[in-house]
Amino acid sequence: MAEADPPARTISLGTGVAAIDSAAWDALHDGANPFVGHAFLSLLEESGSVGPGTGWQPAPLLVEDEAGALLAAAPAYLKSHSQGEYVFDQGWADAWARAGGDYYPKLQIAAPFTPVPGPRLLANSADDESLLIRAAEAVVRQNSLSSAHATFVAPNQMPMFEDAGWLVRRDIQFHFANTGYGSFDDFLATLTSAKRKQLRKERARAVDGLRIEELTGDAIQPEHWDAMWLFYQDTGARKWGQPYLTRDAFDLMGECMAERVILLIAYDGEDCPVAGALHFLGADTLYGRYWGCQIDIPYLHFELCYYRAIDIAIARGLARVEAGAQGGHKLARGYGPVATWSAHFIADPGFRRAVADYLDQERHAEEIEMEWLEGHTPFRRKG
């Protein structure tokens with residue numbers, strides 16, 4: 001008996017996630033990671049945080065059946081720069097420009113401004129995941145782009161990119177692992193005596209004279225978003241030159257994602273907010289995202305972004321806290337080194353070889369760094 005023909009598929013580039021039915025999009029993932037959800041990706045578009053004038057032009061990769069039903073998708077963007085990605089390829093762009101090529105635009109498969117590992121191929125079958133990768137390659141070739149990049153890819157999806165021949169890049173973040181602690185003191189008991197004393201001292205000094213408010217869901221009012229916006233602007237101006245998110249993005253978070261937000265605000269006295277940290281709830285993870293302050297208070301950053309996050313994870317029974325990109329200072333505060341992954345498709349064979357050689361050297365250096373970090377955690381040595 002002859003084999004049946006595979007079901008027909010239509011592959012296309014969409015104009016944005018907001019234009020896609022939310023239920024159809026969210027049926028393609030398990031909802032554990034909020035940053036690939038329809039609510040988050042569409043609010044970035046509706047708020048003007050991505051789109052015209054931002055260098056992030058939404059171009060989701062879509063796979064549909066003959067009836068037009070969505071079978072697979074990838075959050076993708078045509079990028080005219082390399083900002084807001086946290087996997088740095090500006091050196092590649094410079095090298096390609098010196099060789100006479102145009103590195104931009106490039107295709108970026110990612111959750112914008114969000115260095116959080118998660119699924120990048122949203123599909124219910126491996127065949128459709130593979131189709132998304134082939135679609136990305138086709139977009140590059142058919143439009144004479146330099147490259148496609150999938151950043152902060154969930155580890156279980158990396159083999160799919162490797163099998164397709166994409167180049168693999170590794171980086172390091174610092175995550176807190178909740179091994180069943182009943183309290184922050186239980187966590188402290190696993191640290192060396194010196195580190196235990198240091199963390200207690202930092203926590204006490206950070207909150208001296210302050211009131212800390214923890215807010216989620218309907219408890220987050222417009223004045224709280226006003227305060228967080230000011231804090232975010234201050235940090236964004238210092239770190240990136242200008243904030244990535246618009247003011248409207250914060251209002252939309254409150255409208256459509258408030259139940260997945262935990263907002264910590266520090267008050268000097270009763271009514272004056274002086275600092276804040278914004279966290280997102282996943283199924284088993286707390287994601288630290290944005291922080292800012294109006295007054296420089298020692299250790300307050302650590303308290304709102306790291307220690308309170310550990311408190312929340314323990315209280316809610318969450319498996320881990322992911323506190324963002326980089327930050328070796330997190331190691332001393334109980335956040336251990338974890339590998340993160342990205343995949344890169346380079347169209348030109350010569351350029352691909354050069355990037356592959358660079359990644360080989362980088363990987364060797366990072367293996368040495370990871371080994372060092374794992375040997376310098378603040379935890380007591382067994383035996």
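Points to keep in mind about this one:
- Per-residue ellipticity at 222 nm from helix content only, as computed over the chain with -39500 (n - 2.57) for each DSSP H run of at least four residues, stands at -10500 deg cm²/dmol.
- The accessible-area ordering, largest first, of the residues SER22, SER342, SER144 stands as SER144, SER22, SER342, per a 1.4 angstrom probe.
- Put ASP296, ASP248, ASP311 in order of accessible area, highest first, and with a 1.4 Å probe you get ASP296, ASP248, ASP311.
- GNM on the chain, alpha-carbon springs under 10 angstrom: the most fluctuating residue among TYR299, TYR358, TYR267 is TYR358.
- The stretch 87-246 - charge dipole about Cα centre, Lys and Arg +1 at Cβ, Asp and Glu -1, debye rounded to 20: 780 debye
- Net charge dipole size for the chain [Lys, Arg +1 and Asp, Glu -1 on Cβ; Debye, nearest 20]: 1580 debye
- Electrostatic bookkeeping for LEU43 treats Lys and Arg as +1 and Asp and Glu as -1; over the other residues with beta carbon under 15 Å from its beta carbon, the sum is -4.
- If you run the Gaussian network model on the chain, springs between alpha carbon atoms under 10 Å, then out of GLY51, GLY327, GLY276 the most flexible one is GLY327.
- Two-site FRET efficiency, ASP185 against ASP284, from Cβ-Cβ distance with R₀ of 22 Å, rounded to 0.05: 0.45
- Nearest-20 debye value, the stretch 196-352 charge dipole, Cβ charges on Lys, Arg, Asp, Glu: 1060 debye
- Top of TRP341, TRP92, TRP56 by mean-square fluctuation, Gaussian network on the chain, Cα under 10 Å: TRP92
- Probe 1.4 Å, accessible area per residue of the stretch 48-111, Å²: 38 Å²
- Protein accessible area in the chain, 1.4 Å probe - carbon and sulfur %: 50 percent
- Bridging of LYS197 to aspartates and glutamates at a Cα separation below 20 Å is possible for ASP185, ASP186, ASP208, GLU303, ASP311, once same-chain residues fewer than 8 apart are set aside.
- Candidate aspartates and glutamates - alpha carbon under 18 Å from LYS106, same-chain residues fewer than 8 apart omitted: GLU85, ASP89, ASP94, GLU137, ASP348
- Chain lengthening between ARG9 and THR235 when straightened (0.36 nm per residue, less Cα-Cα): 76.9 nm
- Estimated FRET transfer efficiency when R0 is 56 angstrom, pair ASP271-ASN124 (beta carbons, to 0.05): 0.65
- Separation between Cα centres of the stretch 86-136 and the stretch 182-215, rounded to whole Å: 39 Å
- Additional length obtainable on full extension of the chain from ALA95 to ASP248, 0.36 nm per residue less Cα span: 51.4 nm
- If R0 equals 22 Å, the separation of the Cβ atoms of GLN361 and ILE172 corresponds to a calculated FRET efficiency of about 0.85.
- Between GLU255 and THR216, the simple label model (points 7 Å from Cα in the Cβ direction) yields a spacing of 2.4 nm.
- Inter-label distance, nm, simple model (7 Å from Cα along the C-beta direction), ALA23/GLN198: 5.3 nm
- Signed unit charges on C-beta, dipole axis of the chain, positive-most listed residue GLN221, GLN57, VAL355: VAL355
The values are calculated or read from the model by the stated rules, or taken from the named source; none is laboratory data. As the structure is a computational prediction, the values presented were derived from the model and not from experiment. Methodologically, a virtual Cβ is constructed for each residue, glycine included, from the backbone with ideal geometry; neighbour enumeration extends over all protein chains shown. For accessibility, only protein heavy atoms count, side chains too; no ligands or nucleic acids. Shrake-Rupley method; radii C 1.70, N 1.55, O 1.52, S 1.80 Å.
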